[in-house]
1. Within the stretch 244-252, can one find any residue that is under 20 Å from the mean Cα position of the chain (by Cα) and of a type outside the set (D, E, K, R)?
2. Within the stretch 1-23, can you find the residues that are within 31 Å of the chain's Cα centre (by Cα), loosely packed, with under 15 Cβ neighbours inside 10 Å and among the hydrophobic types (A, V, I, L, M, F, W, C)?
3. Working only within the stretch 228-241, note down all residues that are in contact with a helix residue (DSSP H, G or I) (Cβ under 8 Å, 6 or more places away or on another chain) and not in a loop (DSSP other than H, G, I, E, B).
4. Among the strands (runs of 3 or more DSSP E) contained in the stretch 47-161, which hold 1 or more residues that are open to solvent by 70 Å² or more (accessible area, probe 1.4 Å) and not polar (S, T, N, Q)?
5. When the residues of the stretch 172-205 are filtered to those that are among the small types (Gly, Ala, Ser) and either part of a loop (DSSP other than H, G, I, E, B) or without any contact (Cβ under 8 Å) to a residue 60 or more places away in the chain (or both), which remaining residue is surrounded by the most Cβ atoms within 10 Å (Cβ to Cβ)?
6. Within the stretch 253-293, which residues are more than 17 Å from the chain's Cα centre (by Cα), crowded, with 17+ Cβ neighbours inside 10 Å and among the β-branched types (Val, Ile, Thr)?
7. Which condition number does GLU210 fail, the rest of (1) open to solvent by 30 Å² or more (accessible area, probe 1.4 Å); (2) in contact (Cβ under 8 Å) with a residue 24 or more places away in the chain; (3) out of contact with any His (no Cβ under 9 Å at 6 or more places or on another chain) being met?
Amino acid sequence: MSIEQLKVFVTVAELQHFSRAAELLHLSQPGVSMHIRSLENEFGTKLLHRSSKRVKLTEAGEILYRQAKAILLQYETAKHEIDRLNQVVSGSLSVGASFTIGEFLLPKLLASYARLYPGVEVQVTVGNTDEIERLVQAHELEVGLVEGELQRPGIRSETFMEDEMIVAVPAGHPLAAYREVTPDALQDQVWIFREVGSGTRAYSDRLIREWRLRVQRAYVLSSTQGVKETVAAGLGIAVLSRWTVGRMLATEELKELRIRGQRLTRLLSLIQGEERAGTLALDRFVQQVRGLRTASSG
């Protein structure tokens with residue numbers, strides 16, 4: 001029995017699927033099956049009930065699953081402690097980011113990290129804020145970078161940067177001619193929103209509540225790029241991070257609508273699971289993210 005076999009077994013048990021486990025582990029499906037058969041031969045019993053749709057643990061499989069989880073945790077803890085002793089920054093790092101951060105901030109951050117620590121294999125998941133929170137809570141991601149307020153328990157959070165938001169309107173919109181407007185000027189507008197679960201959507205919803213705006217009609221898109229293009233096409237207005245619209249403002253495809261007496265900002269947060277043991281690779285990444293906070297305040 002090897003650590004690799006236990007990892008494969010636990011992954012199959014949790015996903016309840018051979019092909020999905022193979023995809024996640026970057027193995028062939030026959031390779032996954034071979035590891036499971038080796039374990040079953042070693043223990044002399046069936047560990048999984050196989051079916052066309054999914055697999056389920058047998059009674060013996062349940063026992064091995066519980067013990068395998070404990071063994072893998074002890075193995076990772078030992079490895080992390082030895083790496084710390086030797087100051088070796090290697091291994092893997094799983095990072096999640098909300099769409100705005102993942103598309104406009106994370107690429108430069110990862111490029112810098114990769115130059116400093118080429119021995120670390122980094123896996124990145126980009127999704128909306130709610131999805132990244134869920135994956136961090138489930139310990140499927142070691143760290144997440146998100147915007148908006150946290151909604152889930154069992155997560156540690158710290159602010160690392162402030163993000164400026166703007167109200168973006170099409171170049172030909174009647175309000176685009178004004179240097180600034182009051183929030184009341186946004187009554188009865190057509191709005192372009194991100195999907196529910198997005199930090200940008202949560203921020204937009206909060207502004208509409210606080211300003212007591214009537215929404216004439218709303219369109220919902222699942223990407224920031226889609227929102228920008230839809231606004232530029234003249235369909236409506238949107239609240240977006242300044243990072244995401246810099247080029248379209250420069251080419252005047254979009255116009256920034258300044259709101260009198262309002263400074264639109266939100267906080268970006270680094271999140272981690274409360275009980276997860278950190279690796280040296282994770283520590284270095286967190287330090288780099290904290291450096292953004294220092295740079296932005298300096």
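1. Within the stretch 244-252, one or more residues are under 20 Å from the mean Cα position of the chain (by Cα) and of a type outside the set (D, E, K, R).
2. ILE3
3. Within the stretch 228-241, LYS228, ALA232, ILE237, ALA238, VAL239, LEU240, SER241 meet the criteria.
4. Because the criterion is at least 1 residues that are open to solvent by 70 Å² or more (accessible area, probe 1.4 Å) and not polar (S, T, N, Q), the strands (runs of 3 or more DSSP E) in the stretch 47-161 that meet it are 48-50, 55-57, 120-127.
5. SER198
6. If the condition is that a residue be more than 17 Å from the chain's Cα centre (by Cα), crowded, with 17+ Cβ neighbours inside 10 Å and among the β-branched types (Val, Ile, Thr), then ILE259, THR279 are the ones that fit.
7. (2)
The values are calculated or read from the model by the stated rules, or taken from the named source; none is laboratory data. Quick caveat, the model's predicted, so the values are computed rather than measured. Please note: Cβ atoms are built from the backbone with ideal geometry, for glycine as well, and neighbour counts cover all protein chains shown. Protein only, heavy atoms only, side chains kept; ligands, DNA and RNA dropped before computing areas. Shrake-Rupley method; radii C 1.70, N 1.55, O 1.52, S 1.80 Å.
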